[in-house]
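Data first, discussion second: the structure below is written as structure tokens.
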Amino acid sequence: MRAIIISPSTTATLTPAVEAACESGKPVIVFDRGVNTDCMVTYIHPIGGYAYGADGAEFLVDNLEPGSKVLALRVLPGVDVLENRWAAADKIFSESEIEVVGQEFTGGDGAKIKDIVTQYLQRGDVDGIWMDAGDGAVAAVEAFEDAGKPYPVFMGEDELRGRRVPPDPSSRRSRRSRTPASPTPCSWARTS
């Protein structure tokens with residue numbers, strides 16, 4: 001073994017493992033998420049969390065009217081990449097005329113996502129959905145279908161891979177694909 005390459009899933013949890021790897025005397029390369037040490041020989045930080053969050057929020061701002069309402073669906077608190085995504089999106093939204101009507105943690109549970117979106121739709125209009133990960137993109141869209149509401153401007157990943165266009169071809173919305181730091185992002189925007 002000539003080098004050790006580590007892609008931490010979380011910053012704090014993997015710091016001791018990276019430090020132990022550094023003590024082996026082999027060059028250590030860390031990529032994707034950082035760690036709380038500088039013992040590695042290099043750190044490769046891809047576009048990652050912040051750019052993903054900013055790009056998604058900018059997509060919503062660009063495709064919604066001023067005063068539109070966005071629901072932010074977040075997986076878990078305290079996960080560094082997800083916190084970075086939200087920090088970027090929150091900054092973009094706060095500098096725009098978009099109203100964030102809620103910021104909800106879903107645990108990545110499709111049933112919970114659908115329930116949260118359904119509750120917000122019962123309280124009033126939701127014009128856009130911003131997600132920090134796409135583990136429940138389909139569930140969010142299904143809540144609009146079940147409520148008989150038009151599809152929102154939507155930003156999330158299509159991790160379920162099966163449904164990349166709105167299911168109703170007569171829908172006034174169409175898919176607009178972008179690449180905000182995700183291998184398979186999926187965004188929908190109004191066409192008229």
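Per residue, how many Å² of accessible area does segment 92-150 show with a 1.4 Å probe?
Numbers: 2630 Å² over 59 residues.
Dividing the accessible area of segment 92-150 by its residue count gives 45 Å².
Work through the residues other than Ala143 whose Cβ is under 9 Å from its Cβ and net out their charges, Lys, Arg +1 and Asp, Glu -1.
In short, -2.
Let's test the formula: R0 of 30 Å, r as the Cβ-Cβ distance of Glu145 and Glu65. What FRET efficiency results, to the nearest 0.05?
It comes out at approximately 0.85.
At 1.4 Å probe size, with every protein chain present, just tell me what the per residue accessible area of segment 5-77 comes to in Å².
49
Starting from the Cα of Lys91, draw a straight line to each of the lysines and keep only those under 17 Å, dropping any in the same chain fewer than 8 residues away.
Here the lysines satisfying the reach criterion relative to Lys91 are Lys69.
Express the carbon and sulfur contribution to the solvent-accessible surface of segment 84-134 as a percent, rounded to the nearest whole number, probe 1.4 angstrom.
The C+S portion of the solvent-accessible surface of segment 84-134 is 40 percent.
The values are calculated or read from the model by the stated rules, or taken from the named source; none is laboratory data. Remember, it's a predicted structure, so these values are computed and weren't measured experimentally. Virtual Cβ from ideal backbone geometry, glycine too; neighbours counted across all protein chains shown. Ligands, DNA and RNA are stripped out before the accessible areas are found, and what is left, the full protein with its side chains, is counted by its heavy atoms. Shrake-Rupley method; radii C 1.70, N 1.55, O 1.52, S 1.80 Å.
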